[in-house]
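In what follows, a structure is listed as structure tokens, so that the remarks can point back to it.
FYI, it's all coordinate maths here, none of it is from the lab. Computed from a predicted structure; not experimentally measured. Methodologically, a virtual Cβ is constructed for each residue, glycine included, from the backbone with ideal geometry; neighbour enumeration extends over all protein chains shown.
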Amino acid sequence: MKLNIFFFALVVLPYCVFANDIDLLNEYKLLYADISNVDTVGYKSYFNVQNNRAAENINFSQGTLMFTGSYSDFAVTGEGFFKIRLENDVAGYTRAGEFRVDADGNFVNRQGYFLYDNINLPGNFLPESLKIPFDGNVFVNIYEGRDEIREIRAGQIIIYNPPDDLLIRYSDNIFVLKPGAEYDAEYIDVIDELFTPGLVHRALEYSNVNSLSVVLRMYYILSVIGEGYIANVEFKKEMLKLVIETAANQSFQEEMLLSIHNNINALYRLLEESGLLEEEAENGDESLEGRLIRAFLPGRSFHRRIIQGYEAQRLLESRLYFLKSILPYLRYDY
């Protein structure tokens, strides 16, 4: 009996410790991917705040909306994805709405992929006239000569809603269906701006990476991993400590403020587009719904004083500059 216990302790326990270390090494790679894409538009994190760890199951929670002012930028608020056409007509799903209009009038994303339900704008369209309300319908003015301008409906940007558990990562911010997965191309019918997902024009959704939580988890792994598994462990830990100290002092507090600002801004724009909230009128004849909504929302003058559009983006980039500068030193080298 004693011999069996000794054998178990000698063989099985070291294997369990080894397996746990391998799990931590794999998790560190996922955390590194997250921190490398902290400012990637539409990126979805491996880290789950509720479980306080990273896993292959992707966290599809909403990222922060940032208003860019660019006429060809879109963001999905709530559930859903843009559907794009990958190589060999494979359907891709993404939350990254960074598009441009190519020479032929098609919307093309940064990787060169078209919308699966292609929208073609006429050659005589006026770019800054592009208007896309919450339901994704695309309206644009076209110039017909002799100072004659006419508005047309050019199509609709459809939001698709494949189940999260059927998706795997194709690239940083693009997902595809798992091999063998069946999906009937269900799309979201936007009928109520307040309670269904929809599209926000001239905005982008940034990653949903919780920077501080990810960095803390990386530090924990480096602290408990078996000796010899990762090179330069102490140096990596010192780098991460600097990031954590910076976060504690100021950076992530401002990042949180930035997130609140953009969410308030997004909510106001959606309410105004829906007609429930009108710009404050001097005659005070705003609707009852508008007065109630305004009573429970922070004053718009508050977020206007904080930051606007590109200034908000500059703040975010400056706060992530140090973190991105030390990424090469944190990379897994095993």
Item checked: As computed over the stretch 120-175, the Cα convex hull volume per residue (Å³) -> 112
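Beta carbons within 10 angstrom, averaged per residue: use that to sort the peptides 27-37, 165-175, highest first.
Result, highest mean first: 27-37, 165-175.
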Check: Once label points are set 7 Å from the Cα along Cα→Cβ at both Ile152 and Tyr321, what is their separation, rounded to one decimal in nm?
Finding: 4.6
Check: In this model, which of Lys29/Lys178; Lys29/Lys83; Lys178/Lys237; Lys83/Lys324; Lys131/Lys324; Lys44/Lys241 are farther than 32 Å apart at the alpha-carbon?
Finding: Lys178/Lys237; Lys131/Lys324
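Normalising by the residue count of the stretch 76-201, find the relative contact order in percent from Cα pairs under 8 Å and 6+ residues apart. Working shown, then result.
On the way: 240 pairs, mean separation 34.6, N = 126.
Relative CO of the stretch 76-201 lands at 27 percent.
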Check: Rg and Dmax of the stretch 76-201 over Cα atoms: what are they, in angstrom?
Finding: 15.8, 56
Notebook entry, point to check: In 10 Å bins starting at 0, how do the alpha-carbon pair distances of the stretch 28-86 split up by percent?
Noted result: 19, 45, 29, 7
Next item on the list: Find how many whole Å separate the alpha carbon centroid of the stretch 208-228 from the alpha carbon centroid of the stretch 124-160.
Entry: 48
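With a cut-off of 8 Å between alpha carbons and a minimum separation of six or more residues, what is the relative contact order of the stretch 93-138 in percent? Don't jump to the answer; show the numbers that get you there.
Numbers: 37 pairs, mean separation 10.9, N = 46.
Over the stretch 93-138, the number comes to 24 percent.
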Note to self: For the pair Ala231/Ala55, report the inter-label distance in nm, with labels modelled 7 Å from Cα in the Cβ direction.
What the structure shows: 3.3
Next item on the list: Any chance you could run the full-extension gain for Ala19 through Arg169? It's 0.36 nm times the residue separation minus the Cα-Cα distance, nm to one decimal.
Entry: 51.5 nm
Check: Among 83-94, 321-332, how do they line up from the highest to the lowest mean number of other beta-carbon atoms within 10 Å?
Finding: 83-94, 321-332
Next item on the list: With θ set to phi - 60°, apply the Karplus curve 6.51 cos²θ - 1.76 cosθ + 1.60 along the stretch 159-172 and write out the HN-Hα couplings as whole Hz, x wherever there is a Gly or Pro.
Entry: 9, 9, 9, x, x, 4, 6, 9, 9, 10, 6, 9, 8, 3
